[in-house]
There are 2 protein chains.
Amino acid sequence: MKIDHIAIAVNDVEESAKVYQQALGVDNVEFETIESEGVKVAIIHLDNARVELMQPTNDESPIKKFLDKKGQGLHHMALDTNNIEGEVERMEGCGIQFLGKIRPGSAGTKVTFIHPKSLHGVLTELCSHPKG
Amino acid sequence: MKIDHIAIAVNDVEESAKVYQQALGVDNVEFETIESEGVKVAIIHLDNARVELMQPTNDESPIKKFLDKKGQGLHHMALDTNNIEGEVERMEGCGIQFLGKIRPGSAGTKVTFIHPKSLHGVLTELCSHPKG
């Protein structure tokens, strides 16, 4: 199990990406729009993991609701596992609750989310990258 | 630059550490009390970085204030650099504001914090581990 990324809700992902790129001294940034989740993402590649900035693409986006309620800031953490099906089964055996089933994420990943009430208020993504 | 840890504010670090250990399937956990910062910390070692759970040790602790205002949840992210003095100087040149000077952290580290208003609401620790 390792940290895959830290996700941050922002109002304007292009402008925020410039600020983060300059602040962190990182050139390696990609943009991706995930219509099914209602977000546009800037992926900032650090040496061992990523920082992801997320802007809502519509008013129904959960990120829009988060921004309206809490403002910009830390949104969730994401943990990478080689075996997401096995981990979900193991965690459910420990009483951990999930938000939805395992589903396709960006770039060939499989993802699901642990309910914040199972981890003391922390929304936690579990993800699995395609092999090879 | 890499992700060093994700820090989470909790009410009871012993109980939370048990939950996180079981949920993440991690045995490697250390506890440390940092009186100068008013926190007791559980350090959960993942493969590439750490999750740190923080409980206030007194009513003046900034973590106590955070919990009273926002409840348990994500508190800050920490980035590891080999050259904290150089990074702070470079970042100040970009207009990034800091909360206090570089100071000793736990286990021989040097730390400082980037003001959340410089990174769209995200309190960000910069840290540097002792060499060798």
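Readers should treat all values here as calculations from the given coordinates under stated rules, not as data from a laboratory. Note that the structure is predicted; figures quoted are calculated from it, not measured. Using ideal geometry, Cβ is built from the backbone for each residue, glycine included, and neighbour counts are taken over all protein chains shown.
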- Distances in nm between the label point of residue A:18 (7 Å along Cα→Cβ) and its equivalents in the other copies, shortest first, are 5.1
- Query: What are the distances, in nm and sorted shortest first, from the label point of residue B:95 to the label points of the same position in each other copy, with each label point placed 7 Å from Cα along the Cα-to-Cβ direction?
  - Reply: 5.0
- Message: Once each part is reduced to its C-alpha centroid, what is the distance from the stretch B:65-102 to the stretch A:61-106 in angstrom?
- Response: 25
- Note on the structure: Taking r as the C-beta separation of residue B:36 and residue A:36 and R0 as 45 Å, the FRET efficiency to the nearest 0.05 is 0.45
- Message: Among B:119, B:107, B:81, whose Cα projects farthest towards the positive end of the dipole of the stretch B:2-128, with charges put on the beta-carbon of Lys, Arg (+1) and Asp, Glu (-1)?
- Response: B:119
- Task: Treat every Asp and Glu Cβ in the stretch B:2-128 as -1 and every Lys and Arg Cβ as +1, leave all other atoms uncharged, and give the resulting dipole magnitude about the Cα centre to the nearest 20 debye.
- Result: 420
- Item | Gyration tensor (alpha-carbon) shape descriptor, the stretch A:31-132, a/c threshold 1.5 | oblate
- Task: Report P(r) for the protein assembly as shown: all Cα-Cα distances, bin width 10 Å, range 0 to the bin holding the largest distance, values in whole percent.
- Result: 7, 31, 38, 22, 3, 0
- What Kirkwood radius, in Å to one decimal, follows from the Cα pairs of the stretch B:15-64? 11.4
